1. Scan the stretch 1-33 for residues that are farther than 17 Å from Leu108 by Cβ and either assigned to a strand (DSSP E or B) or among the charged types (D, E, K, R) (or both) and jot them down.
2. Quick one: which residue in Gly262, Gly296 is away from the ligand (no atom under 16 Å from the Cβ) and without any contact (Cβ under 8 Å) to a residue 12 or more places away in the chain?
3. Across the stretch 34-58, which residue is farthest from the ligand (Cβ to nearest atom) among those that are surrounded by fewer than 24 Cβ atoms within 10 Å (Cβ to Cβ), outside any strand (DSSP E or B) and not polar (S, T, N, Q)?
4. Among Ala247, Ala214, which is within 16 Å of the ligand (Cβ to nearest atom), in contact with a helix residue (DSSP H, G or I) (Cβ under 9 Å, 6 or more places away or on another chain) and either within 22 Å of Ile8 (Cα to Cα) or at pLDDT below 95 (or both)?
5. Give the number of residues within the stretch 127-160 that are loosely packed, with under 13 Cβ neighbours inside 10 Å and farther than 25 Å from Ile273 by Cβ.
6. From Ala263, Ala234, grab the single residue that is among the small types (Gly, Ala, Ser) and surrounded by 15 or more Cβ atoms within 10 Å (Cβ to Cβ).
7. Can you tell me how many residues in the stretch 90-126 are hydroxyl-bearing (Ser, Thr, Tyr), surrounded by 12 or more Cβ atoms within 10 Å (Cβ to Cβ) and touching a Ser or Thr at 6+ places or on another chain (Cβ under 9 Å)?
8. Which residue pairs have Cβ atoms closer than 6 Å, lie 6 or more positions apart in sequence or on different chains, and pair a first residue in the stretch 11-33 that is within 20 Å of Ile124 (Cα to Cα) and modelled with pLDDT of 95 or more with a second residue that is near the ligand (Cβ under 7 Å from one of its atoms) and part of a helix (DSSP H, G or I)?
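The values are calculated or read from the model by the stated rules, or taken from the named source; none is laboratory data. Bear in mind that the values here come from a model prediction, so they are computed numbers and not experimental data. Note that each Cβ is placed from the backbone with ideal geometry, even for glycine, and that neighbours are counted across all protein chains shown.
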Amino acid sequence: MMKPTPIILDIDNACGMTARDVDDGLALAMALASDDFDLVGVTTCSGNCYAHEATDITVRMLELAGRTDIPVGAGRDFPILQNVSAHFELLAESSIKAAELWNGSVELPAATGAIEPMPAHQLIIETVRKYPGEVVIVKEGSMTNLAVALMVDPEIAPLVKGVVHMGGSIEPWWESYIGRTDPELWRHVIKLNTIYDPEATAIVMNSGIPMTYATVNVCARVRLRDADVERMAAVEGPFHRFLSDAARRWVNLVDYKDGSEGAAMWDLLTLAIVAHPEFCDYVTMRQDADKFLSNGHPWLYPSADGPHARVTVGVDVAAFEKYLMECMTRPIPGSNQATGSSDGKH
Ligand SMILES: [Ca+2]
């Protein structure tokens, strides 16, 4: 077996919140379950929710999984410069609208204080310096944490092995996704997580750190369906009970709203290709921070000029979805699920 890749998982984890995407929480479960990853830190960022909410959920999930040994870094709620109040108003509004479909709340025990989060940028700096040249930072939400880390300690840039980011898109995806085209949405989703804190994104783009974009159009093709959720629910223990309860509600909500079958597993494909790049096909493109900041399109495009990034253009759906379900139905190693011990530490 290959040596596990040390990763920092940076998540806007809203798993279990009413009508919010569950994929960050499922990505955390994948990172914990798979032997492919050495989860050396989890940092939280804003996007699906405020970073402080993501921190709370992440700490509680790690406790539930019996993995209080994993360091957590709490990110900033707000971008470096932008006013994002409209973003959170929209999220709150959609949660209220969907509350009836969500049908109650998802149970997640309160934190006990076993994990004490440090500032996210500090955890990134310390971890990258501890494992120079080895750590991949998996950015499943906004770029704020890494940008702050790079501003505080610019010398870490050449010590980061790579960033894999769920964001960007190089082709319209919405039409193929649910059978309709919405140009406004298309303009918005092409930037997705990337746009929440654009100045932070530009800092990361220009940092010289090798970048991979797991694009919206490609991630939209991989799904978790009702039957998959029931396989997750069959795993014993409170961690999988929580995961499957949240995932079931989300899949049902997406199916109802979009007329689709299953919910896109954006963040999970993004994480999986760290260990299994063969799941996707890629092209090399320029990531044009100036064009991105001035709202230009495209800002990922073929060019001899850099800085370059690796951009996903295709995915082996069957291979990924098989891996997804292997991870989602596996008891968490090191937890009380796997060892039978009550404290889960080892
Ligand atoms: Ca995310």
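1. So in the stretch 1-33, the residues farther than 17 Å from Leu108 by Cβ come out as 1-10, 30-31, 33.
Residues satisfying the conditions are Lys3, Thr5, Pro6, Ile7, Ile8, Leu9, Asp10.
2. The conditions single out Gly296.
3. Out of the qualifying residues, it is Asp35.
4. Values: Ala247 fails: either within 22 Å of Ile8 (Cα to Cα) or at pLDDT below 95 (or both).
Sole residue among the options that is within 16 Å of the ligand (Cβ to nearest atom), in contact with a helix residue (DSSP H, G or I) (Cβ under 9 Å, 6 or more places away or on another chain) and either within 22 Å of Ile8 (Cα to Cα) or at pLDDT below 95 (or both): Ala214.
5. 3
6. Numbers: Ala234 fails: surrounded by 15 or more Cβ atoms within 10 Å (Cβ to Cβ).
None of the others qualify; the one that does is Ala263.
7. Taking the stretch 90-126 as the starting set, the residues that turn out to be hydroxyl-bearing (Ser, Thr, Tyr) are 94-95, 105, 112.
Filter again for surrounded by 12 or more Cβ atoms within 10 Å (Cβ to Cβ), leaving 94-95, 105.
From what is left, the residues that are touching a Ser or Thr at 6+ places or on another chain (Cβ under 9 Å) are 95, 105.
Number satisfying all stated conditions: 2.
8. Within 6 Å, the pairs are Ile11/Asp24; Asp12/Asp24; Asn13/Asp24; Asp24/Asp267; Ala27/Asp267.
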